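Undergrad: Before anything else, here's the structure in question.
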Amino acid sequence: MTAATNFQWPTAPIPSKFFAEQGRPEVLKWDVLELAPNSELIIRFKQVLERRQGIWMAAKGGFSSNGNFYEQVNIWADTVPPEVRLTCRAEDGRLQLYNIWDPGSGRRSQMLKTGMIKTAIPGGFRYGCNDTGPDIDFERFVFELIIVAP
């Protein structure tokens, strides 16, 4: 017998409970962006100071790049060029994303002190990310996400 799951993708950004309790309500645990279906996404990795860092993204309808299709993507800064382009189908008009990292023992995400500070830039957003550990540093991993509507 298998258990039924009732998971629903978030429809709005999820703030970090930990950082909100520390007086930092702007820190996001999980972001949800509204965008037009078939928008082009340009991801630019700006800074990686420690550990392997990346982003996880999902959208209803998935992504395409260079003739390949992906339902969800883990994009690691150390395995791609400094700029990555994807077409996001976003059939429901939403893109889901959060930061990920690998300390050497496998992919990690969504831990207590994990979070992103999102800042608007021309055409998109800049994300400063903290992964985990006692030292909080939102400059440890920085990427930009540019959205080009179809």
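The values are calculated or read from the model by the stated rules, or taken from the named source; none is laboratory data. Just so we're clear, the structure is a prediction, and the values are computed from it rather than from any experiment. All Cβ positions, even for glycine, are placed from backbone atoms using ideal geometry, and neighbour counts span all protein chains on display.
Undergrad: Report, by residue number, each residue of the range 77-88 that is crowded, with 17+ Cβ neighbours inside 10 Å and either modelled with pLDDT under 95 or assigned to a strand (DSSP E or B) (or both).
TA: Residues of the range 77-88 that are crowded, with 17+ Cβ neighbours inside 10 Å, as a first pass: 77, 84, 86-88.
Across the range 77-88, the qualifying residues are Val84, Leu86, Thr87, Cys88.
Undergrad: For Asn38, state whether it is free of Cβ contacts under 8 Å to residues at least 60 places away in the same chain and more than 16 Å from Glu144 (Cβ to Cβ). Working first, answer last.
TA: Numbers: free of Cβ contacts under 8 Å to residues at least 60 places away in the same chain: no; more than 16 Å from Glu144 (Cβ to Cβ): yes.
No: the conditions fail for Asn38.
Undergrad: Residues in the range 64-99 that are of a type outside the set (Gly, Ala, Ser), touching a residue at least 40 places away in the same chain (Cβ under 8 Å) and more than 18 Å from Val32 (Cα to Cα): how many?
TA: Summing the residues that are of a type outside the set (Gly, Ala, Ser), touching a residue at least 40 places away in the same chain (Cβ under 8 Å) and more than 18 Å from Val32 (Cα to Cα) in the range 64-99 gives 3.
Undergrad: Something else about it: Asn74: among the polar types (S, T, N, Q), touching a Ser or Thr at 6+ places or on another chain (Cβ under 9 Å) and either assigned to a strand (DSSP E or B) or modelled with pLDDT under 95 (or both), yes or no? Before you say what the answer is, go through the steps one by one.
TA: Numbers: among the polar types (S, T, N, Q): yes; touching a Ser or Thr at 6+ places or on another chain (Cβ under 9 Å): no; either assigned to a strand (DSSP E or B) or modelled with pLDDT under 95 (or both): yes.
When the stated conditions are applied, Asn74 does not pass them.
Undergrad: What number of residues within the range 124-150 satisfy the criterion of being without any contact (Cβ under 8 Å) to a residue 60 or more places away in the chain and over 15 Å from Glu26 (Cα atoms)?
TA: Here the count works out to 4.
Undergrad: Right, here's the next one. Six or more apart or on different chains, Cβ under 6 Å: which pairs go from a residue in the range 10-29 that's closer than 10 Å to Thr114 by Cα to one that's exposed (fewer than 13 other Cβ atoms within 10 Å of the Cβ)? Could you list them?
TA: Phe18/Leu112
Undergrad: Hey, can you tell me all the residues within the range 97-150 that are β-branched (Val, Ile, Thr) and touching a Leu at 6+ places or on another chain (Cβ under 6 Å)?
TA: Initial filter on the range 97-150 (β-branched (Val, Ile, Thr)): 100, 114, 117, 119, 121, 132, 136, 142, 146-148.
Of everything in the range 97-150, just one residue is β-branched (Val, Ile, Thr) and touching a Leu at 6+ places or on another chain (Cβ under 6 Å), namely Ile147.
Undergrad: Still on this structure: Any residue in the range 49-63 that's touching a residue at least 60 places away in the same chain (Cβ under 8 Å): show its pairings with residues that are small (Gly, Ala, Ser) and surrounded by fewer than 18 Cβ atoms within 10 Å (Cβ to Cβ) at Cβ separation under 7 Å, as long as the two are six or more apart or on different chains.
TA: none
Undergrad: Does Glu26 satisfy the criteria of being modelled with pLDDT under 95 and among the charged types (D, E, K, R)? First the steps, then the outcome.
TA: Details: modelled with pLDDT under 95: no; among the charged types (D, E, K, R): yes.
No; evaluated as a whole, the condition is false for this residue.
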